[in-house]
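What follows is a set of notes on a single structure, which appears directly below.
The values are calculated or read from the model by the stated rules, or taken from the named source; none is laboratory data. Keep in mind the model is a prediction, meaning the values are calculated, not measured. Methodologically, a virtual Cβ is constructed for each residue, glycine included, from the backbone with ideal geometry; neighbour enumeration extends over all protein chains shown.
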Amino acid sequence: MPKANLVKGTGHRAKPTRKPKFQADLAPFEDSAVRSLKQQLQLTSNSDFFSEAVALFQWAVSERRQGHRIVSESANGEKKILVLPRLERVAPESALPQVRIDWTEKELGRLAELLSSEPAKPTEALVRAMKG
Amino acid sequence: MATVIRRLEESDSPENCDCRDEALNNYLKRHAWNNQQKSSIGVTYVAIDELAPGAVIGYFTLATSSALRDSFPKKYVRGLPAYDVPVILLARLAVDHRFGGHGLGRELLSEALRVSLRASKQVGCRCVIVDAYPTAVEWYQRYGFTALEVNKRSPVRMYLDIRTIEAARSVS
C-alpha cells in the first residue's frame, strides 16, 4: 500500500503542489523549429525544452545585466556578438557623461515653472512610442 | 527592414550615413566614437540595418547635464528642490534620409527615452532636454516636449518631464 503524503508530525495530508502551466501559440515555422531543436538536443518533452530554454535565457540576461557581451568565436578566431534588442534592455547604461548647458534666463524661468508643476499627461504619440 | 538600436561600436561604419545635415553627419563620422570612448562627452546609440551589419542608418547621442539652482531667477527658486536639477540632454538625433519616413526617427526617440528612464533610476534625473531644429519642433511637440523659449533661439530648447515618460510607459 502506498504511503500517504503526510505533513511531518501533523498527520495531515500534504496539499499537492500545483505546477504552473505554460501554453503558447506557435506559428508553423516556430513549431518546426522547436521540434528540430528538441531532436538536436535530445529532449523528449516540451517541459524539458522549456526548462533548458529558460536556463539559457536566464544566463544570457544575467551576463548582459552585468554589462558582459555574449560572443561566439569560430575555430579561426572570427567573433560574432549577439545583439538581441530585448536583451539590450537589461544591459546597464554606463554613466552618461556630463556636459554643460548654457541656459538663458527665460529658459530657466520656464524650466522652473515646469519643474514646480505637475507633470504633463503623456501624449498619444508618446504612449505609442513607449510601447513594446 | 529589421533594425537594431544599440551603442555605437568601434567596428561600426557610419561613413555612408547621410542625414542631409553637415553638422549631424560630421558628428557621427568624426566625433561620436572619440566622444564616447575617449572624452566621455556623449554616448551615441546607432540604428543598424540587420541586413547590412555595422552600417549606421540613424543615431542619437545622450549626455547628462544640470541646471544650477543658483542660476534660476530669484522669483522661481522657492518652488524648486534645494539642489541643482539633473537633466538628460538628447544632444543629437538623426536619420539617414534614405531611410526616412518609415518611423525610424520615432524608434530612435523611443529608445532614447527608454535609456533616459533607466538612467533616471540609476543616477537621478528630472527631465529630458533637447535642442531641436525649428523644423523639428512640431515633431517633438507630438511626443510632449515643451519649448522653453519660443521663437527666440535656433535651435529651440525643449523639455519633457521624466515622470511623463514614466506615465507613458505605465499606460503602455
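Values computed for the structure shown
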| read-out | value |
| --- | --- |
| Qualifying residue in the stretch B:144-153 (condition: modelled with pLDDT of 90 or more and touching a Cys at 6+ places or on another chain (Cβ under 6 Å)) | no |
| Residue list for the stretch A:64-91, restricted to those being of a type in the set (D, E), at pLDDT 80 or above and in contact with a helix residue (DSSP H, G or I) (Cβ under 9 Å, 6 or more places away or on another chain) | none |
| Residue that is farthest from the other protein chains (Cβ to nearest Cβ) [pool: residues in the stretch B:18-67 that are among the aromatic types (F, W, Y) and touching a residue at least 40 places away in the same chain (Cβ under 8 Å)] | B:Y59 |
| Considering residues of the stretch B:36-45 that are in contact with a helix residue (DSSP H, G or I) (Cβ under 8 Å, 6 or more places away or on another chain) and part of a loop (DSSP other than H, G, I, E, B) only, the residue surrounded by the fewest Cβ atoms within 10 Å (Cβ to Cβ) | B:I41 |
| Residue match in the stretch B:159-171 (condition: at pLDDT 90 or above, part of a loop (DSSP other than H, G, I, E, B) and either in contact with a Cys (Cβ under 9 Å, 6 or more places away or on another chain) or within 8 Å of chain A (Cβ to nearest Cβ) (or both)) | no |
| Hits in the stretch B:32-47 - residues which are touching a strand residue (DSSP E or B) at 6+ places or on another chain (Cβ under 9 Å) and farther than 14 Å from B:L104 by Cβ | B:A32, B:W33, B:N35, B:Q36, B:S40, B:I41, B:G42, B:V43, B:T44 |
| Residue that is surrounded by 13 or more Cβ atoms within 10 Å (Cβ to Cβ) and in contact with a strand residue (DSSP E or B) (Cβ under 8 Å, 6 or more places away or on another chain), where the choices are A:V90, A:V99 | A:V99 |
| Positions within the stretch B:1-21 being among the β-branched types (V, I, T) and under 15 Å from B:A94 (Cβ atoms), in sequence order | B:T3, B:I5 |
| Residue in the stretch B:79-92 that is more than 8 Å from chain A (Cβ to nearest Cβ), within 14 Å of the chain's Cα centre (by Cα) and closer than 30 Å to B:R20 by Cα present | yes |
| Of the criteria (1) under 21 Å from A:K121 (Cβ atoms); (2) in a loop (DSSP other than H, G, I, E, B); (3) among the hydrophobic types (A, V, I, L, M, F, W, C), which one B:V87 fails | (2) |
| Residue in the stretch B:129-151 that is charged (D, E, K, R), more than 9 Å from chain A (Cβ to nearest Cβ) and either touching a Phe, Trp or Tyr at 6+ places or on another chain (Cβ under 9 Å) or surrounded by 19 or more Cβ atoms within 10 Å (Cβ to Cβ) (or both) present | no |
| Subset of the stretch B:1-35 (residues that are among the basic types (K, R) and surrounded by 12 or more Cβ atoms within 10 Å (Cβ to Cβ)) | B:R6, B:R7, B:R20, B:K29 |
| Those residues of the stretch B:124-158 which are closer than 20 Å to B:A23 by Cα and assigned to a strand (DSSP E or B), in sequence order | B:I129, B:V130, B:D131, B:A132, B:V156, B:R157, B:M158 |
| Any pair with Cβ under 6 angstrom, 6 or more apart, that starts in the stretch B:125-151 at a residue that is closer than 19 Å to A:K121 by Cα and ends at one that is of a type in the set (S, T, N, Q) and assigned to a helix (DSSP H, G or I) | B:V128/B:S116; B:G144/B:T164 |
| Residue in the stretch A:47-55 that is under 24 Å from the mean Cα position of the chain (by Cα), over 30 Å from B:S154 (Cα atoms) and facing another protein chain (nearest Cβ under 8 Å) present | no |
